[in-house]
């Protein structure tokens, strides 16, 4: 089987699916789940984005639900505290808000975490029947080089161009010559 015959057997949709799978991890809504705990009559879930988390901007989103019904609990006062294990005295505290969240059922805080390594994250939630505190840990990878952050925006035009070229290449010769002249 020649290389050209092999390419003819690859559907264009496969190329698009592979592209979207590669890009899906870049800006997931909510991110990777780090915590899902039941406390009293509530389920508290925390998500981080990007996946994997890296030094730099890290979105920590919190979702509070009624544990019995699964219904979201409206805005509560949520303080998110991130502490690097090597510098516990330098805790970073932010309030989680719906304004910072992509999904308005969540409350989010966007941190500028300066260094890779292990971080401990504590969520303080007020406004439930009793104040709740839950924690999780996360390992931050080294930041990506700036080029990798913008690569999807630079490279996305390649997909429709390749699809067009593949379509033109697969079109019968007779149609190609009649459409140009």
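Odds and ends about this structure:
- Rg/Rh for the stretch 46-181, where both radii come from Cα atoms and Rh is the Kirkwood radius: 1.27
- Each of residue 164 and residue 57 was given a label point 7 Å from its Cα along the Cα-to-Cβ line. The distance between the two points is 3.1 nm.
Coordinate-derived values only; no laboratory data. Being a predicted model, the structure only gives us computed values, none of them experimental. In this analysis, Cβ positions are derived from the backbone assuming ideal geometry, glycine residues included, and neighbour counts consider all displayed protein chains.
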